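Q: This is the structure I want to talk about, given as structure tokens.
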2 protein chains.
Amino acid sequence: MQLGLSVSDSDVSSFTPLVVLELADDTKAEAITWLLNRIRDKQQNGGAELLVNQLLFPAQDDQKPNPNVFVVGSTLQRLLNGAEDVGLFKEFQDGTMRGFTYANRESFKDFNGDGEGFLSDAECQYIIKHELDTLRAKNEEHVPGYPKLKLYPGKSVVRRLQSKGVLIQYFPLHNKEDLKRLSFSWYKKFKLSLQPLDDIRHYFGEGLALYFGFLEYFTFALVPMALIGIPYYLFDWEDYDKYVLFAVFNLVWSTVFLEVWKRCSATLAYGWGTLSRKKAFEEPRAGFHGALGFNPVTGREEPVYPSSKRQLRIYLVSVPFVLLCLYLSFYVMMVYFDMEFWAINIYNENPDIATSILLFVPSIIYAVVIEIMNLLYRFAAEFLTDWENHRLESSFQNHLVLKVLVFNFVNCFASLFYIAFVMQDMVLLRQSLATLLITSQILNQVMEAFLPYWLQRRRNKKVHKRMRRLMGDKELPLLGQVQLETEMNTYLGTFDDYLEQFLLFGYVSLFSCVYPLAAVLVVLNNITEVYSDAFKMCHVFKRPFSEPAMNIGVWQLAFETMSIIAVVTNCALIGLSPQVKAYFPESDTQLILIVVAIEHVLLAFKFILAFVIPDVPKHIQVNLAKLEFDSLEALKKRRRALGR
Amino acid sequence: MQLGLSVSDSDVSSFTPLVVLELADDTKAEAITWLLNRIRDKQQNGGAELLVNQLLFPAQDDQKPNPNVFVVGSTLQRLLNGAEDVGLFKEFQDGTMRGFTYANRESFKDFNGDGEGFLSDAECQYIIKHELDTLRAKNEEHVPGYPKLKLYPGKSVVRRLQSKGVLIQYFPLHNKEDLKRLSFSWYKKFKLSLQPLDDIRHYFGEGLALYFGFLEYFTFALVPMALIGIPYYLFDWEDYDKYVLFAVFNLVWSTVFLEVWKRCSATLAYGWGTLSRKKAFEEPRAGFHGALGFNPVTGREEPVYPSSKRQLRIYLVSVPFVLLCLYLSFYVMMVYFDMEFWAINIYNENPDIATSILLFVPSIIYAVVIEIMNLLYRFAAEFLTDWENHRLESSFQNHLVLKVLVFNFVNCFASLFYIAFVMQDMVLLRQSLATLLITSQILNQVMEAFLPYWLQRRRNKKVHKRMRRLMGDKELPLLGQVQLETEMNTYLGTFDDYLEQFLLFGYVSLFSCVYPLAAVLVVLNNITEVYSDAFKMCHVFKRPFSEPAMNIGVWQLAFETMSIIAVVTNCALIGLSPQVKAYFPESDTQLILIVVAIEHVLLAFKFILAFVIPDVPKHIQVNLAKLEFDSLEALKKRRRALGR
């Protein structure tokens, strides 16, 4: 089986290594022996039936290498069986996507011979991760050599080792050849083209590919808005009078944008076989702890944490903390306004170039402070959510996303809302929006890609030098690669990437009517974002495990909420425009009533639209129905065959 | 197997008859023979494997009885197999609900001996209906004796016969003993108690039981509102000043009411085994027609109707028709206002008792006209939706409900909105609301229960007399029962019942703050409604086939929409109240802005509430997860058993 890694060094590993396991360097020998035995043991005996080998790095003068690094691989047969266990969907002969079963393997489209090349690298690694994660304790009361590392039947061994720091990390290895090919088609050729989403999915899995798909879709969706924005800017339609048209456009755009994305996302997910894939039964998080009790669903003994305690932690600690942070954010905003007035006063007293530049300083400082606050809050939120002790990763994620979104939304947009609706100062709004947007974009690109890249390059050079000094000509590519990748940073998931897009979406959909260049800036940002994100995935971070995803999850909801807020905001901005006010010279009341009425109609229309547009395109609905029909028919046939 | 019907007349039927089939009296003999053979044929040969017998009514002097009436029954074994086919959920030994399988039959809670009494009457009849409906044509090109009645392989025979009028009707027989017991516990004992929902479900199926459950829940939910309303009325808090409190109460009530119902409904549906039951593959409607083509899902040959044609019919005919009807409704409303002014003028000119009674006449006439318009529109909507040629019953129902709801909402409430927000005349609003509500309630009760009952009694007497004259003492209870029930009206489903509750909910949640007695009236109406509905189900209509339902379906959405409109309306009414206006003596603008802001907050709160409150109670979620977990485990075990 050719899984890409050119392992010429057969003395290092007798199989294609796919996943690296790194244990703490002081791990006791009996624990290691036990773990390796469990990983190698047959499935009948409750083992994972995988291949695993130790990697021995040559001793170095300055520092001792970690002796406890292992590579894990698998036989092809085991992987195919594992593909059935994890419920992988693959393309069938007739072009539909079906759940893979080993018995029907010959009927799948790309299955030739013994099935070599049928599973992608990322899929194999995902399967190995699944098998490792579901390697369960049998009758062991604790990890051998660690009497305090308690186990109970059914507990995931890997999670327990991980939560206690014995297992430092496990991650999939890069495949150098595939990576070279992918990075060439993705960001190295200098012509504009669509991203190779299928290749990205092939290499990094569906979750990440969906993020890049969304990034691309969002950028394209912004192009018309940017195109309309440019003449607004160039021909100086800046009397803030003409923005009614732009606000109306915004309104329609933000609704249609998300509805169409749902369909695109369903199409992608169907083609990748994740749309109809059933969610596996979710294991508790690695960090989850509690008194031993019985799981009401499985009936197994496992830690149980009363949900009332969790609720107490949420409502008595987390919620007050978030409110306190929001208060702080408002306080900082007020300080910003003070600075702003101070700068304006200086400018008015003595208007020259120096003071006109000074005008922008408060906004820039504020933008930097916002970013710093977001960053700090992010850590606090993660700590708090972890402390809330959620049993499932999904519940942890939801609570984290909620905390972070609420704060980031207020922190980034509060000042803009204040300027727009309390101060009603459209000139300041425009200036503030531009500064915030540009500053945060620059900061983001630096923090997210260039800084890690620079750090990574320094580290790479050091490792390369060290390896060369040690081994001279005798090159051991696998050892070198593992050494390099072990020290790379871990990619923490798409959270921050989506968050950034969410805030950009907010800037564009909420206020771009007063600063039409916003869309242009976001488009430019996103084009570089694609390249920097692609680069960071390929060369800055460890390869992440593939994450099956059928949609962008909680982010769809977040974007939809934002688009509802956008309708309200845009209607209010229209109501404030001098152009509209001129129609109602006498009565403000009538104007407000009409704006409110229109807003209600638009919101109702939005909901109806969301309801009427099917989330899944027709032809995919047909395919899904076909799948269901076939499984019903098969069930009937089986029953009849059983002699009924 | 004792299924209740006391068939002493073994010469009439050798098995317990459950379902009656009535064919047209001029049906050709060869068609009848063919149909009976298909029904009796073994399942391996594509038959339904049911028992069927002809009923021969003695000839009558004045009119010839229909010779083509058949009763259908089944063996117990066949019914149990059928229960597995339709995916029935029953209570398992451990108290959870599980999909019934014949192989595991002994593990289900109430399964004793050969399984007698395990399935309820309604379930048996539902199974027989399913088996008849899925009796498919094999290689017949047409119905024997009817060259024009084309068939194709896989076409449901019963649906084809029905759509061409050969099969007049088929319906389940009442079970006299069970009915007597049910009607006693339901409405015959004169003490207030909860309805016997489980018995209703047992006899009429889940769909109807859920309706009665909803009716009961709605009535109970209205009690607090009624209790608050009475002192408002008695102590003459009628300066329309104190209604702010009431409006706020309304607001909260209408939100909580529906969220809690979802949980109640899930609890009921879980206990009845319909919550996790998979929907069967939906057959085309009996009336659906089109050119023969291929179904993209099943790959079978069947009529296909291009959806573009249907869209054309909907948008070019149905939508304009609905708009025209809405226009007509507005026109009638304007005529009503003219009458109203005319009556007020007469009263002002000459205020005495006669003219003060005259004041109510326009509202009463308008209420009657509204009811008549609703009725006429209902027929038109049904005709149009039928003409739109929807393939599935569910799609037909959705389009029908949408059409009827939009019109009924406008027709019933337009005048009230006009009085409240355009004329801002709270006295007239109150008077108009009271008249509309009371008149429509009286009309409804008469039209829905008393009129059909009266007609039914006349018919019953005639049939009884005829039977007695013909047979003298030789009583044939089955023949008599079939004769009676064949001539009963068919119950057309819960549509009209839900519609009535929907409109009552509208009156209460939208405007009851100006007429607090509305809730009292609705409670009184609903108490009699329970009795009259129960009575009509037991004695006026044919027994309907049981309809598995996991919730109240599209009506949940309709009620939720109404509750959103109620939030908006109540906020606006609060804004109009003199009490609130007094706080903002100078600026209307500020008042409006504050009301709008509060409204937005409330709507947001409502959505968050709907999102946060789980639709399914915790313990049922656990049970559902357990079910899923067990099926996953079983799958794993089976795979391992297959030698993997």
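The values are calculated or read from the model by the stated rules, or taken from the named source; none is laboratory data. Because the structure is a prediction, the values reported are computed rather than measured. When we count neighbours, we look across all protein chains shown, and the Cβ atoms used for this are built from the backbone with ideal geometry, even at glycine. The area values use the complete protein model at the heavy-atom level, side chains included, leaving out ligands, DNA and RNA. Shrake-Rupley method; radii C 1.70, N 1.55, O 1.52, S 1.80 Å.
Q: Just which residues of region B:287-327 lose 50 Å² or more accessible area with every protein chain there, against their chain alone, with the probe set to 1.4 Å?
A: SASA drop of 50 Å² or more in region B:287-327: B:Val297.
Q: For the protein assembly as shown, what is the accessible area per residue in Å², given a 1.4 Å probe and the full set of protein chains?
A: Values: 60770 Å² over 1288 residues.
That works out to 47 Å² per residue.
Q: Let me ask another. Which distances, in nm and shortest first, link the B:Asp25 label point to the same label point in every other copy, taking 7 Å along Cα→Cβ?
A: Those label-point separations list as 10.1 nm.
Q: A further question on this structure: Report the label-to-label distance for B:Leu609 and B:Glu30 in nanometres (one decimal), using points 7 Å from each Cα along the Cα→Cβ vector.
A: 6.7 nm
Q: Right, something else. Filter A:Lys309/B:Lys626; A:Lys129/A:Lys536; B:Lys129/B:Lys636; B:Lys129/B:Lys536; A:Lys278/B:Lys279 down to the pairs with a C-alpha to C-alpha distance above 29 Å, please.
A: Violating the 29 Å Cα-Cα cut-off are B:Lys129/B:Lys636.
Q: Check each residue of region B:563-593 and keep those whose accessible area, probe 1.4 Å, is at least 30 Å² smaller with all protein chains in place than in the chain alone; give them in order of residue number.
A: Checking the loss per residue gives B:Thr589, B:Ile592.
Q: For chain A, what is Rg from Cα atoms divided by 2.2 N^0.38 Å, rounded to two decimals?
A: Numbers: Rg = 28.1 Å, N = 644, 2.2 N^0.38 = 25.7 Å.
In units of the globular-protein estimate, chain A measures up at 1.09.
Q: Related question: Cα centroid distance between region B:343-412 and region A:49-124, in Å?
A: For region B:343-412 versus region A:49-124, the Cα centre distance is 67 Å.
Q: Want the number for B:Thr589 to B:Tyr233: 0.36 nm per residue separation, take away the alpha-carbon distance, what's left?
A: Gain on stretching B:Thr589 to B:Tyr233: 124.9 nm.
Q: What is region B:267-367 by shape, rounded, prolate or oblate, if you read a ≥ b ≥ c off the alpha carbon gyration tensor as root eigenvalues and call it rounded for a/c under 1.5, prolate for a/b larger than b/c, and oblate otherwise?
A: Oblate.
Q: Bin all alpha-carbon pair distances of region B:436-578 at 10 Å intervals from 0 and give each bin's fraction as a whole percent.
A: 9, 29, 27, 17, 10, 5, 2, 0
Q: Buried accessible area for the B:A pair, summed, 1.4 Å probe, in Å² rounded to 100?
A: 2800 Å²
Q: Could you run the Karplus curve 6.51 cos²θ - 1.76 cosθ + 1.60 with θ = phi - 60° over region A:98-109 and give me ³J(HN,Hα) per residue in whole Hz, x for Gly and Pro?
A: 9, x, 6, 10, 4, 5, 9, 4, 5, 7, 8, 4
Q: While we're here: Please report the relative contact order for region A:17-173, taking Cα pairs under 8 Å with a sequence separation of at least 6, and give it as a percent rounded to a whole number.
A: Rounded, it is 28 percent for region A:17-173.
Q: Whole percent per 20 Å bin, from 0 to the bin with the longest distance: what is P(r) over all C-alpha pairs of the protein assembly as shown?
A: 8, 31, 35, 21, 5, 0
Q: Once the label point is placed 7 Å from Cα along Cβ, list for B:Gly145 the distances to the corresponding points in the other copies, in nm, shortest first.
A: Result for B:Gly145, in nm, nearest copy first: 8.7.
Q: Quick query: amide H of A:Phe89 versus all other amide H atoms, modeled in the peptide plane; which residues come in under 5 Å with a sequence gap of 5 or more or a different chain?
A: HN-HN under 5 Å from A:Phe89: A:Phe100.
Q: Around B:Val567, what is the net charge, scoring Lys/Arg as +1 and Asp/Glu as -1 over all other residues with Cβ under 12 Å from its Cβ?
A: Here the charged neighbours net out to -1.
Q: Semi-axes of the equivalent ellipsoid for region A:529-633, please: Cα gyration tensor eigenvalues, times 5, square-rooted, ordered largest first, whole Å. If you can, show how the numbers build up before the last one.
A: Details: eigenvalues 374, 135, 17 Å².
Taking √(5λ) for each eigenvalue gives 43, 26, 9 Å, largest first.
Q: Given N residues in region B:359-443, what is Rg(Cα) / (2.2 N^0.38 Å)?
A: Compared with the compact-globule rule of thumb, region B:359-443 sits at 1.32.
Q: Next question, about the same structure. What's the longest piece of chain B with no exposed GluC sites (Glu not before Pro), counting a site as exposed if DSSP puts it in a loop and it has at most 15 other beta carbons within 10 Å?
A: B:283-474
Q: Where the centre of each part is set by its Cα atoms, how far does region A:483-520 sit from region A:585-603, in angstrom?
A: Using only Cα atoms, the two centres lie 35 Å from each other.
Q: Can you list residues whose amide H is under 5 Å from B:Leu392's amide H, if they're 5+ apart or on another chain and H is modeled 1.01 Å from N?
A: Those qualifying (amide H under 5 Å, at least 5 residues apart or on another chain) are B:Arg285.
Q: Below 8 Å between Cα atoms, with a sequence gap of 6+, how large is the relative contact order for chain A in percent?
A: In percent, rounded to a whole number, it is 19.
Q: Per 10 Å bin, what percent of the C-alpha pairs of region B:17-173 does each bin hold, from zero upward?
A: Computed distribution, short to long bins: 10, 36, 29, 17, 7, 1, 0.
Q: Now, a different point. Leaving out ligands, DNA and RNA, and with a 1.4 Å probe, what % of the accessible surface on region B:588-642 is carbon or sulfur?
A: C and S fraction of accessible area: 70 percent.
Q: Just tell me, in residue order, which DSSP H segments of chain A are both 20 angstrom or longer along the helix axis (alpha-carbon based) and at least 1.6 in mean Kyte-Doolittle hydropathy.
A: A:588-612
Q: I need the inter-copy label distances for B:Phe337: point set 7 Å along Cα to C-beta, values in nm with one decimal, smallest first.
A: 4.4
Q: Under 5 Å between amide H atoms, partner at least 5 residues away or on a different chain: which partners does B:Asn489 have, H built in plane at 1.01 Å?
A: Result for B:Asn489 returns B:Lys542.
Q: OK, next. Put +1 on the Cβ of every Lys and Arg and -1 on every Asp and Glu Cβ in the protein assembly as shown; which of A:Asn623, A:Gly480, A:Ala634 then has its Cα farthest towards the positive end of the dipole?
A: A:Ala634
Q: Which loop trypsin sites (Lys or Arg not before Pro) in region B:93-181, with loop taken from DSSP, have no more than 15 other Cβ atoms within 10 angstrom of their Cβ?
A: In loop regions of region B:93-181 (DSSP not H, G, I, E or B), the sparsely surrounded trypsin sites (Lys or Arg not before Pro) are B:Lys109, B:Lys138, B:Lys164.
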